[in-house]
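The values are calculated or read from the model by the stated rules, or taken from the named source; none is laboratory data. It should be emphasised that the depicted structure is a prediction, and the values quoted were computed from it without experimental measurement. Cβ sites come from the backbone with ideal geometry, for glycine too, and all protein chains shown count toward neighbours.
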Amino acid sequence: MYTMQNSQKVRMTKVIGMPVLFLVICAPALAADVTLSPASVTYEAPSESYTFTLEADGQPVAPGDVKATKIMVGEHDYDYMFDANVSNGKITLQPTDMLEIGSYDLVVRTSTGTAHAKLYAPLSDMEGTLKQRADELGVTVNQMKALLGLTSQMGREMVELDVAPVYHLGQKLVLAMRTQAGREYVWRIDGRVVQFGEGPHTFEHTFMDTGLYSITYTEYDNETVVAQDSHLVSVVDEPPVKVDTQKGRQVNFQGPAGYGKYVWRLDGQRVGTGAVLEHTFQTEGSHTVVCTATRVQAPGKQAFRKVAYRVDVE
């Protein structure tokens, strides 16, 4: 006795008194090429909204075919930071008043496939943010506004770095550069040389501290600058994950997967290690749980992650 797969159907008939077995194979439906356009947007202020085009194989996706719209950082969702409005072939995202500086993934699941886009929120048009950044660099707010709009091009040739405006702590910046053979290059972060060499190469840098950084690439031909590009990037903590619970109830916190060492802190005090923290809150109020994950054990993971949970206990 055996069981056929769901994609196969068996039909019996008789030909000249003898049973004949026909095997009819029904091919499963192919997943569509589901896309969001643009592939990334940048929110300079909470008042801004952006509309994405959502298509499957080049055709608008109907609202009824959109199964979920998620705002993600790693394995955690931050849907409360954006209001999503779905229409025929369109998705509009408007920040809520709970949006925090950070880098987010927009994930749209449809009946025929999943589409992705990046959401960057440096919120650089907010005066408080500008003042803080200006103080860090020792410049005025007006100078800071000019710097935030800067994409500095120098030399006789054009080069443009594919750099995001916001990175999370521990995230690695990786850029593959097709520098001509025989030409020298220099990478600087905040004016400090961090990498140099000659010809095609890959630039890698892990952000170990939060703050505002200037990244500059300079290319030389016989000691003459032939191309240069500079960008300002913000490095921030991952936004905290919201957790609501009740006094006396155990909460299980799951650390990010793919790491070999975990350290957990509750309101600044070390409370455990391991991939999972189990804790029962005995007092009402707000608490902060932070997991720092290090020793990467899976490919493609960032150097380390620091995940915070904002816990409200009733």
Consider the stretch 305-314. How many of its residues are crowded, with 16+ Cβ neighbours inside 10 Å and more than 15 Å from residue 241 (Cα to Cα)? 0
Criterion: modelled with pLDDT under 95 and surrounded by fewer than 13 Cβ atoms within 10 Å (Cβ to Cβ) - qualifying residue of 297, 302: 297
Please work out if residue 46 is farther than 30 Å from residue 259 by Cα, more than 17 Å from the chain's Cα centre (by Cα), modelled with pLDDT of 95 or more and surrounded by 12 or more Cβ atoms within 10 Å (Cβ to Cβ). no
Residue pairs meeting the criteria (Cβ under 6 Å; at least 6 apart or on separate chains; first farther than 19 Å from residue 206 by Cβ, in the stretch 180-193; second among the small types (Gly, Ala, Ser)): 181/199
Residues of the stretch 56-85 being assigned to a strand (DSSP E or B), farther than 12 Å from residue 109 by Cα and free of Cβ contacts under 8 Å to residues at least 60 places away in the same chain, in sequence order, are 59, 60, 72, 77, 82, 83, 84, 85
Hey, residue 229 at pLDDT below 95, farther than 15 Å from residue 308 by Cα, assigned by TED's automatic domain parsing to the domain that holds residue 164 and touching a Phe, Trp or Tyr at 6+ places or on another chain (Cβ under 6 Å) or not: yes
If you take the residues in the stretch 180-213 that are hydrophobic (A, V, I, L, M, F, W, C) and in a loop (DSSP other than H, G, I, E, B), which one is farthest from residue 302 (Cα to Cα)? 181
Select from the stretch 180-196 the residues that are touching a strand residue (DSSP E or B) at 6+ places or on another chain (Cβ under 6 Å) and not β-branched (Val, Ile, Thr) and write down the one among them that is modelled with the lowest pLDDT. 190
Search the stretch 275-293 for residues being small (Gly, Ala, Ser) and surrounded by 12 or more Cβ atoms within 10 Å (Cβ to Cβ), and hand back the single one that is nearest to residue 208 (Cα to Cα). 293
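Let's see how each residue does on (1) crowded, with 19+ Cβ neighbours inside 10 Å; (2) within 18 Å of the chain's Cα centre (by Cα); (3) of a type in the set (Val, Ile, Thr):
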{"residue": "214", "(1), (2), (3)": "no, no, no"}
{"residue": "221", "(1), (2), (3)": "no, no, no"}
{"residue": "227", "(1), (2), (3)": "yes, no, no"}
{"residue": "236", "(1), (2), (3)": "yes, yes, yes"}
{"residue": "245", "(1), (2), (3)": "no, no, yes"}
{"residue": "248", "(1), (2), (3)": "no, no, no"}
{"residue": "251", "(1), (2), (3)": "no, no, yes"}
Somewhere in the stretch 291-307, is a residue basic (Lys, Arg), closer than 30 Å to residue 97 by Cβ and in a loop (DSSP other than H, G, I, E, B)? no
Considering only residues that are among the β-branched types (Val, Ile, Thr) and in a loop (DSSP other than H, G, I, E, B), look in the stretch 143-179 and name the one that is modelled with the highest pLDDT. 179
